[in-house]
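Before any comments, here is the structure.
Please treat every number below as a calculation from the coordinates, not as lab data. No experiment lies behind these values; they were computed from the predicted model shown. A quick note on method: Cβ atoms are made from the backbone with ideal geometry, for glycine too, and the neighbour counts reach across all protein chains shown.
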Amino acid sequence: MIAAGQHECQLVGRPRGECKMEPVRTCIGCRMRADRSSLLRVVARDSELVVDEMASLPGRGAWLHPTVACCEQALKRRAFGRALRVSSALDTQTLENRLNG
């Protein structure tokens, strides 16, 4: 447990300045938390899911592990529409092609 005034890095013996904290996001497929760098950001563009490689496209984004299993779980749970706040059906072909190689 972190005491008041203590930083996470101090628990593992690193000075505070050497700690590199990375943003944590939740995968909409498996619902597991992971570093932002290990997830793909997707956005809705004209009823199509687009992979945002640089995480810089405007609008609401959703984060997903770059695996077919997480994509299938997100589709099964209808998580894309909820996360992106889109009521219409989304074309996932571009995302599926990207994940299948």
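Full-extension gain between GLU22 and ALA89, please, as 0.36 nm times their residue separation minus the C-alpha to C-alpha distance.
Additional length available on full extension: 20.8 nm.
Let me check against my output: what whole-number percent is the relative contact order of region 23-100, with C-alpha pairs under 8 Å and at least 6 apart?
34 percent
Would you mind getting me the FRET efficiency between ALA69 and SER47? Use the beta-carbon distance for r and R0 = 30 Å, nearest 0.05.
0.75
Apply the a/c threshold of 1.5 to the C-alpha gyration tensor of region 23-100 and tell me whether it is rounded, prolate or oblate.
Here region 23-100 falls in the rounded category.
Tally Lys and Arg at +1 and Asp and Glu at -1 over the other residues with C-beta under 13 Å from the C-beta of ARG85: what net charge comes out?
Charge balance near ARG85 sits at +3.
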